[in-house]
Amino acid sequence: MTAAMRTSASVISTFDTTFPVTFRWGVATSAYQIEGAAAQGGRGPSIWDAFSHRPGTVVNGDTGDVACDHYHRWESDLDLIQSLNVDSYRFSVSWSRVQPQGYGAWNQTGLDFYDRLVDGLLARGISPFMTLFHWDLPQALQDKQEGWEARDTAYRFAEYAERMGRLLGDRVASIATHNEPWVVAVLGNEQGIFAPGKKDVPTMLRVSHNLLLGHGLALQAMRAAGVKAPLGIVLNQSPATPATESEADKQLAEQEYARFVRWYMEPIFCKRYPDKTGRPLPDNIEAGDMDTIAQPLDFLGINYYTRIWASSSTPPVPAPNKDGVSDMGWENYAQGLTELLQGIHRDYTLPPIYITENGFAEADTVAHGHVNDPGRLAYMQSHLRALRAAMAAGVDVRGFFYWSLMDNFEWASGYAKRFGLVHVDYATQQRTLKNSALWYREFVKSQRA
Ligand code: IFM
């Protein structure tokens, strides 16, 4: 027995939280963050290719040109996933790999790639959970019509969804339209720190509406095409805690929660935008849009990392950070997952939930073939306990996906931040299971015993 195996074996014995035997256990990735082969196999450029190649946008000038080279290594990567004992894998499709311009001609080589990927997963007994849009909009749509600012992009997205649904809808375990539309709208179009790099509130509002419209149109198109897979969306969510008892902090927390969580939940589940956001409505809402957006969901994906800490003072009252922070500087606050899930369960009538992302960045290094990542292990265990508590309180959660399978291109942070269960040496593309992966592998197995 190696030292690493001993670590995982001893840790498992002290972690006694159990989940239903039908609970799905998985790992997650996204196309631009792992695939590489940016200009191969007929792939067209996406807004993240253009953005990351612009000087000053990404730490160290990193790009997704090569990333984890998953496009070429997908078979051994699927073996790696299988070795973790998980039963589910969440991946995303690069729209510009299957339709280089985002409209018009399809790229058969790209379609074949995902066709083989899905078959490869099924052959290994792993259920594919597919996401259609994880931020990598075809650059041609940005050039032609300013991307998501144009209503037409929502219709192009629905066409793409229908095509992927027809191709893979009878083999995948689920299809999510968007991953984290808040990020696209706010980080990409208000703060300008993600692609396409705009800084304008009315643009952000228009983009968020067109993303939601595209989601609704995509669900309609896939259902009209008879797609069998359960259909849903993935939203990043956090509860908001006022820093003090002051009215100002309480109001700020309410506003932050309305902008972050309710802005997406209310159109989808209540056919309206929320109040108390301190924002005007988007100026591009047309008659019937809210009905289109509020299509019934078969599942809801929730990505949870940390809470929102709302302090209105200058300088702000700092978050307590009593359980530490990740390498991203994000507070470890496991209880927030319970609070969040109980809150949305109370406020909306929800379909089954999957935790589609939850993970921890740590500055991992390989020493003698091992990666000791105690911070990640503690984060995972505390969040699984918090998840179990929400389930015990009545929230219907059906699965958990760790973010991420392996270290990858962490957007504006480039390769400097490592979220993986598996360490990637980008110079050699060598994959090394971290101690957290060894633990997760045993933990998942123990849940089925
Ligand atoms: O890496 C990202 C992922 O693409 C979307 N959710 C958050 C992760 C960590 O920042």
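Just so it is clear, none of the values below were taken in a lab; they were calculated from the coordinates. What you see is a predicted model, and the numbers here were worked out from it, not measured in a lab. Backbone-built Cβ (ideal geometry, glycine too); neighbour counts: all protein chains shown.
Inter-part distance, segment 16-38 to segment 314-355, computed on C-alpha centroids, equals 20 Å. Dividing the mean sequence gap of close Cα pairs (under 8 Å, 6+ apart) by how many residues segment 165-248 holds gives a relative contact order of 41 percent.
Given points 7 Å out from each Cα along the Cα-Cβ axis, report the Q191 to R385 separation in nanometres with one decimal. According to this spin-label approximation, the distance is 3.0 nm.
Once you sort the root eigenvalues of the Cα gyration tensor of segment 268-329 as a ≥ b ≥ c, which label holds: rounded (a/c under 1.5), prolate (a/b larger than b/c) or oblate (the other case)? Cα axes put segment 268-329 in the oblate bin. The Cα atoms of segment 25-75 give a gyration tensor whose axes a ≥ b ≥ c have a/c of 1.5 or more with a/b no greater than b/c, which makes the shape oblate. Overall, segment 78-202 carries a charge dipole of about 80 debye about its Cα centre when +1 sits on the Cβ of Lys and Arg and -1 on the Cβ of Asp and Glu, all other atoms neutral.
The count of lysine pairs in the chain that are at least 8 places apart or cross chains, and whose C-alpha atoms lie under 18 Å apart, stands at 4. Among E286, E442, the order by Cβ neighbours within 10 angstrom, fewest to most, reads E286, E442. Would you compute, from DSSP H runs of 4+ residues alone, the mean residue ellipticity of the chain at 222 nm, taking -39500 (n - 2.57) per run and dividing by the full residue count, rounded to the nearest 500? That calculation yields -12000 deg cm²/dmol at 222 nm. Relative contact order, whole percent, for the chain stands at 19, derived from Cα pairs under 8 Å and 6 or more residues apart.
Apply the Debye scattering formula to segment 334-413, with a single equal point scatterer on each alpha-carbon and no solvent, then give log10 I(q)/I(0) at q = 0.21 Å⁻¹. These q points yield log10 I(q)/I(0) values of -0.98. Modelled label positions at H72 and A105, each set 7 Å beyond Cα in the direction of Cβ, lie 2.5 nm from each other. Shown is the FRET efficiency for T428 and D16, computed with R0 = 30 Å from the Cβ-Cβ distance and rounded to the nearest 0.05: 0.20. For the chain, DSSP calls about 15 percent of its internal beta bridges antiparallel. Between the residues A240, Y155, F400, the greatest Cα displacement towards the positive end of the dipole of the chain, with unit charges on the Cβ of Lys, Arg, Asp and Glu, is found for F400. Full extension of the chain between T314 and R346 gives 8.2 nm of extra length, using 0.36 nm per residue less the Cα-Cα distance. In this rough spin-label picture, where each label sits 7 Å from Cα along the Cβ direction, the S446-D323 distance is 1.8 nm. In terms of packing, defined here as the mean over residues of other Cβ atoms within 10 angstrom, the peptides 190-201, 320-331 line up highest first as 190-201, 320-331.
What the Cα atoms of the chain give is an Rg and a Dmax of 20.8, 65 Å.
For segment 297-446, the relative contact order comes to 24 percent (Cα pairs under 8 Å, sequence separation of at least 6). Note on segment 67-176: Cα-only Rg and Dmax are 14.6, 45 Å.
When peptides 160-168, 273-281 are ranked by their average number of other Cβ atoms within 10 Å per residue, the highest-first order is 160-168, 273-281. Taking a point 7 Å from the Cα of A393 along the Cα-to-Cβ direction, the residues of segment 239-279 with backbone N closer than 13 Å to it are 239-240. Neighbours of N85, meaning other residues whose beta-carbon lies under 14 angstrom from its beta-carbon, give a summed charge of +2 when Lys and Arg score +1 and Asp and Glu score -1.
The magnitude of the dipole of segment 295-432, with charges of +1 and -1 set on the Cβ of Lys/Arg and Asp/Glu and taken from the Cα centre, is near 240 debye. You can think of it this way: the chain between E245 and A224 has 2.5 nm of extra reach, that is 0.36 nm per residue less the Cα-Cα gap. Computed packing ranks the peptides 429-438, 17-26 as 429-438, 17-26, most packed first, by mean other Cβ atoms within 10 Å. Taken about its Cα centre, segment 153-198 carries a charge dipole of about 140 debye when Lys and Arg each add +1 at the Cβ and Asp and Glu each add -1 at the Cβ.
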